[in-house]
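First comes the structure, then the notes that go with it.
The values are calculated or read from the model by the stated rules, or taken from the named source; none is laboratory data. Being a predicted model, the structure only gives us computed values, none of them experimental. Glycine also receives a Cβ, built like all others from the backbone with ideal geometry; neighbour counts cover every protein chain displayed. These area figures cover heavy atoms from the full protein model, side chains too; ligands, DNA and RNA do not enter into them. Shrake-Rupley method; radii C 1.70, N 1.55, O 1.52, S 1.80 Å.
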Amino acid sequence: MPWRDLLRPCLTHPGPVTDLNVRILQAQALRGTVLDVDDTLVPGHEQVISPAVLAWMAQLKTLGPVWLVSNNMLVPRIADIARQVDCPYICGAGKPSRRKLRQALQGMNLPPGQTALIGDRRLTDILAGNRLGMYTILVEPIAPPRWQKLRHLEDWLINALL
């Protein structure tokens, strides 16, 4: 895969994860999902899952297993979020490294091609998922990120490269 394609998600969703219709994943014959946590499921500084995310997660789980894979190193915080949505989790993933994503895929017993990776950042989530051959979905942050200026710079640089 050309390096530029590694930064392009299979699907760009123009809203937060809660607006993503689960039928889209079903139409792609996906059988499992890996989700980023910070700014995808909850704002990076919060720990409580909203009712909208809980309802969306219930729909998502009808398609197959769901794992949370986060670069965040705060194990108690990610563990609490995972408990709220009743999902296995991995912290300190180091995305775009593929190592922890492979661990989640092994836990789901699914190949990358049958698994979605949903996240809000191209340089971490999308790049990691594409490097493995997953179906990558880029969503908007669930709330304005704390580091919004850095995120805008990151997006500008990526768009300039593509």
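Data for the structure
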| quantity | calculated |
| --- | --- |
| Relative contact order (%) - criterion: Cα under 8 Å, at least six apart; region: the range 1-135 | 31 |
| For Asp39, residues with placed amide H under 5 Å, excluding near neighbours | Gly44 |
| Karplus 3J(HN,Hα) series, Hz, for the range 58-68 with 6.51 cos²θ - 1.76 cosθ + 1.60 (x for Gly, Pro) | 4, 5, 4, 5, 5, 8, x, x, 10, 10, 9 |
| Residue with peak Gaussian network fluctuation, the chain [Cα springs, cutoff 10 Å], from Asn109, Asn130, Asn71 | Asn109 |
| Per residue solvent-accessible surface (Å²) - the range 13-138, probe of 1.4 Å | 43 |
| Area of Lys61 that stays accessible when all protein chains are in place (1.4 Å probe, Å², to 10) | 70 |
| Sulfur and carbon atoms: percent of accessible area, the chain [1.4 Å] | 56 |
| Note, ³J(HN,Hα) from phi for the range 6-15, Karplus 6.51, -1.76, 1.60, rounded to Hz, x at Gly and Pro | 5, 9, 9, x, 5, 9, 10, 9, x, x |
| Among Ser50, Ser70, Ser97: highest mean-square fluctuation, GNM of the chain, C-alpha pairs under 10 Å | Ser50 |
| ³J(HN,Hα) computed for each position of the range 89-95 - Karplus, 6.51 cos²θ - 1.76 cosθ + 1.60, integer Hz, glycine/proline x | 9, 9, 9, x, 5, x, 4 |
| Rounded accessible area of Met73 (nearest 10 Å², 1.4 Å probe) | 140 |
| Cα-based convex hull, the range 61-131, per residue volume (Å³, whole number) | 86 |
| Residues with amide H under 5 Å from that of Gly32, placed H, sequence gap 5 or more | Ala116 |
| Per-q log10 I(q)/I(0), the range 14-162, q = 0.12 Å⁻¹ (Debye; single scatterer per alpha-carbon; no solvent) | -0.44 |
| Charge dipole magnitude, Cβ of K and R +1, D and E -1 - the range 31-122, Cα centre, debye nearest 20 | 460 |
| Choice from Pro144, Pro65, Pro16 with maximal GNM fluctuation in the chain (Cα, 10 Å cutoff) | Pro144 |
| Kirkwood hydrodynamic radius (C-alpha pairs) into Stokes-Einstein, the range 1-81, 20 °C and 1.002 mPa s, D in µm²/s | 152 |
| Charge dipole magnitude, Cβ of K and R +1, D and E -1 - the range 1-157, Cα centre, debye nearest 20 | 500 |
